[in-house]
Amino acid sequence: MNIAIIGYGKMGKAIEEIAVHRGHKTVLTIDEHNLFDFTKENIDKAEVAIEFTGPHTAYENVKKALGFDIPVVCGSTGWLDKLEEANRFCKTRKGSFIYSSNYSVGVNIYFEINKKLAELMEPHKDYELQVTEIHHTQKKDAPSGTAITLAEQILERISRKKTWVNHVTDNPRELEIISERIDPTAGTHKVKYSSSIDDIEIIHTAHNRQGFALGAVLAAEYISDKKGIFSMKDVLNL
């Protein structure tokens with residue numbers, strides 16, 4: 001499979017390494033120094049594009065690649081306000097699109113555990129809950145996309161919580177997300193339910209970028225011959 005990588009930083013290079021190891025070929029890489037190479041003629045050499053840039057460029061990159069009729073896998077976070085627009089554009093183009101806040105296989109299993117735990121905890125009003133995410137200081141968005149996904153999953157299942165906030169709160173209707181930026185650190189996400197009797201906590205810690213990179217390549221393999229809008233739940237058959 002021929003792949004275009006849009007965003008050739010640390011994550012883009014990790015994706016390329018995994019892709020090559022799995023027998024694929026990188027035919028185009030785009031970063032801030034060669035944006036002029038992001039053309040239809042160049043990207044037509046690829047069967048799928050993997051986009052990992054940042055919150056200020058992701059939407060335009062996704063829309064441009066979809067406009068060139070290339071399936072897109074996007075892992076940029078911090079642009080969820082335009083995700084529905086991207087989905088609508090994909091539908092109008094009859095294209096192929098996967099967005100995930102986190103492509104790690106382990107994290108996507110963690111998402112399913114989080115949903116099930118929230119369902120089990122819904123009747124137990126004595127437990128307060130908190131989401132914590134810890135990342136390196138170079139991470140551009142806060143809270144992380146993964147933390148937002150975890151919080152949204154909880155809000156759908158814990159009826160007493162109506163919205164999430166990115167600070168400490170004593171409002172019982174608000175779900176607290178705490179963001180910490182520490183160097184050096186592995187990416188860590190925690191969901192904690194606390195009562196006067198006991199605590200229940202689920203934690204995911206990423207040791208490196210390889211899990212994210214592998215998941216993105218798996219998503220590219222899945223979407224390359226399909227039409228529609230998909231998720232990592234589809235890719236992993238969860």
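Observations on the structure shown:
- Average Cα contact separation per residue, the chain, under 8 Å, 6 or more apart, as relative contact order %: 22 percent
- Checking (1) 41; (2) 33; (3) 29 against the coordinates, the calculated percent of Cα pairs over 28 Å apart falls under label (2).
- As a calculated quantity, the FRET efficiency between L80 and I200 at R0 = 35 Å, using C-beta atoms, amounts to about 0.80.
- Here K190 is the anchor, and the lysines within straight C-alpha reach of less than 29 Å, apart from those fewer than 8 places off in the same chain, are K10, K13, K82, K115, K116, K125, K139, K140, K161, K162, K233.
- The length gained on full extension between D170 and M1, counted as 0.36 nm times the residue separation minus their Cα-Cα distance, comes to 55.7 nm.
- Mean Cα-pair separation over length for the stretch 131-174, i.e. relative contact order, pairs under 8 Å, 6 or more apart, %: 29 percent
- Legend: P(r) of the stretch 112-204 from all alpha carbon pair distances, 5 Å bins from 0, whole percents, reading 3, 14, 26, 26, 17, 9, 4, 1.
- Between E17 and E180, the distance separating the two model label sites (each 7 Å from Cα on the Cα→Cβ line) works out to 2.7 nm.
- Packing, as the average of other Cβ atoms within 10 Å across residues, places the peptides 173-180, 118-125 in the order 173-180, 118-125, highest first.
- Of the solvent-accessible surface of the chain, computed with a 1.4 Å probe over protein heavy atoms with every protein chain present, carbon and sulfur atoms account for 51 percent.
- Accessible area per residue, Å², the stretch 25-98 with all protein chains present, probe 1.4 Å: 50 Å²
- Radius 14 Å from Cβ of N208, net charge of other residues (Lys, Arg +1; Asp, Glu -1): +2
- Area accessible to solvent at D31, 1.4 Å probe radius, in Å²: 50 Å²
- Accessible-area ranking of S96, S196, largest first, probe 1.4 Å: S196, S96
- Derived scalar couplings ³J(HN,Hα) [the stretch 103-119; Karplus, 6.51 cos²θ - 1.76 cosθ + 1.60; whole Hz; x for Gly, Pro]: 8, 4, 4, x, 5, 5, 5, 4, 4, 5, 5, 4, 5, 5, 4, 4, 4
The values are calculated or read from the model by the stated rules, or taken from the named source; none is laboratory data. It should be emphasised that the depicted structure is a prediction, and the values quoted were computed from it without experimental measurement. Neighbour counts run over all protein chains shown; Cβ positions are idealised from the backbone, glycine included. Areas reflect the complete protein model, heavy atoms only, side chains present, ligands, DNA and RNA absent. Shrake-Rupley method; radii C 1.70, N 1.55, O 1.52, S 1.80 Å.
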